[in-house]
Amino acid sequence: MITQHTRTHYTITTPEVEAQEKQYVLVLSDVHYDSRSCDRQMLTKHLNQALERKAKVFLNGDFLDLMGGKYDPRNTLPGGLRPEYRGQDYFDIVTHDAIKFLEPYKDILTIYAQGNHETNVRKRQHTDLSKRVVEGLQALGSPIQLGGYSGYVRWQYLYRTEVKSYMMHYHHGYGGNAPRSKGVLHADIDSAKFPDADLIVRGHDHNKWHLPITTERISSKMKVRRSTVHHLRCGSYKKLGDGYSGWEVEKGFAQPRLGGWWWYCIKEGKKWNTGVEEAH
């Protein structure tokens, strides 16, 4: 069940969980589904695993690439566009294809957050393709909701009479590629800015890493509580070419690790624990 509090704040409640059973969330970002460079085989594998695990799926922006639109300075026509997308109704073709691809996974999709590729099209072309994809999936019975460029998601789990919640702050990402630090320096800043988050998710630069940080907070009754905050920088599903030419080549980008992350919680005895596994 998905409860919307504001246009950027949601609570997602799962059915009652079983002890010793991991409750997975597949966190994906920068899929660039309609790009010729998208590794659709890997993407399909991960989504099928999510079905098998009864996992929830969170999309952290740039699910669509959309670089073939008119007036787009990133336009890669004609060589960079998939042949099936060539047409005057380019945006419609891409949108309908994305809905068709996601339909088998409609029941496990949760939030469709927006990235800079989607917002760029909205700014230049005056159409919200993220909203159109979400509405298309909702018409098929999906519980998916449209998220913003950033926001909060509370993951809520039920075990008998217990209710356990974990707060996730997500942001699609901003800034440059940070070739040396890979953006790791943002983790300390984000910890200070979002002290109530148990999981902090970022994307955009296609770097991929997981950094767990132990935090300490003290209650009004002077009891110390220590917990682990998982910082996830999501990779992409977009492969680099052969190095002959293109934006990535001219900027000197290296091939990052592809895929997303599995974040999970588990009820073990009297304790609830969390962890992260790589989707690769």
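No value in this document is a laboratory result; all are computed from the given coordinates. These figures come from a predicted structure and were not determined experimentally. Please note: Cβ atoms are built from the backbone with ideal geometry, for glycine as well, and neighbour counts cover all protein chains shown.
To the nearest 20 debye, what is the magnitude of the charge dipole of the chain about its Cα centre, counting +1 on the Cβ of each Lys and Arg and -1 on the Cβ of each Asp and Glu?
Values: 40 positive and 32 negative charges, 160 e Å.
Computed charge dipole of the chain: roughly 760 debye.
Among the DSSP beta bridges whose two residues both lie in the chain, what percent are antiparallel, rounded to the nearest 5? Present the calculation step by step, with values, prior to reporting the outcome.
Working: 37 of 61 bridges.
Given both bridge residues lie in the chain, the antiparallel proportion sits at roughly 60 percent.
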Between 0 and 90 degrees, rounded to the nearest ten: what's the tilt of helix 129-139 against the longest Cα principal axis of the chain? 60 degrees
Can you give me the relative contact order of the range 1-97 as a percent, contacts being Cα pairs under 8 Å and 6 or more apart? 25 percent
Taking θ = phi - 60°, what integer Hz values does the Karplus form 6.51 cos²θ - 1.76 cosθ + 1.60 yield along the range 24-35, in sequence order, with x for Gly and Pro? 8, 10, 8, 9, 10, 8, 6, 5, 6, 3, 8, 6
Summed side-chain charge close to Trp272 - residues other than Trp272 whose Cβ falls under 15 Å, Lys, Arg +1, Asp, Glu -1: +3
Alpha carbon centre of the range 8-40 versus the range 75-151: separation in Å? 17 Å
In degrees rounded to 10, the 0-90 angle between helix 40-53 Cα long axis and the longest Cα principal axis of the chain is 30 degrees
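Can you order the peptides 221-232, 51-62, 88-99 by their average number of other Cβ atoms within 10 Å per residue, highest first?
51-62, 88-99, 221-232
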For the range 2-278 the mean separation of alpha carbon contacts under 8 Å (6+ apart) over residue count, i.e. relative contact order in percent, is 24 percent
Quick shape check on the range 124-243: root eigenvalues a ≥ b ≥ c of the Cα gyration tensor, a/c under 1.5 is rounded, otherwise prolate if a/b tops b/c, else oblate, and it reads oblate
Of Ser37, Thr215, Thr3, farthest towards positive along the dipole that unit charges on Lys, Arg, Asp, Glu beta carbons give the chain: Thr215
With a sphere of radius 14 Å drawn around the Cβ of Phe194, what net charge do the other residues whose Cβ falls strictly inside it have (Lys, Arg +1; Asp, Glu -1)? 0
Relative to the longest principal axis of the C-alpha atoms of the chain, give the angle of the C-alpha long axis of helix 116-125, reported between 0 and 90° and rounded to the nearest 10°. 50 degrees
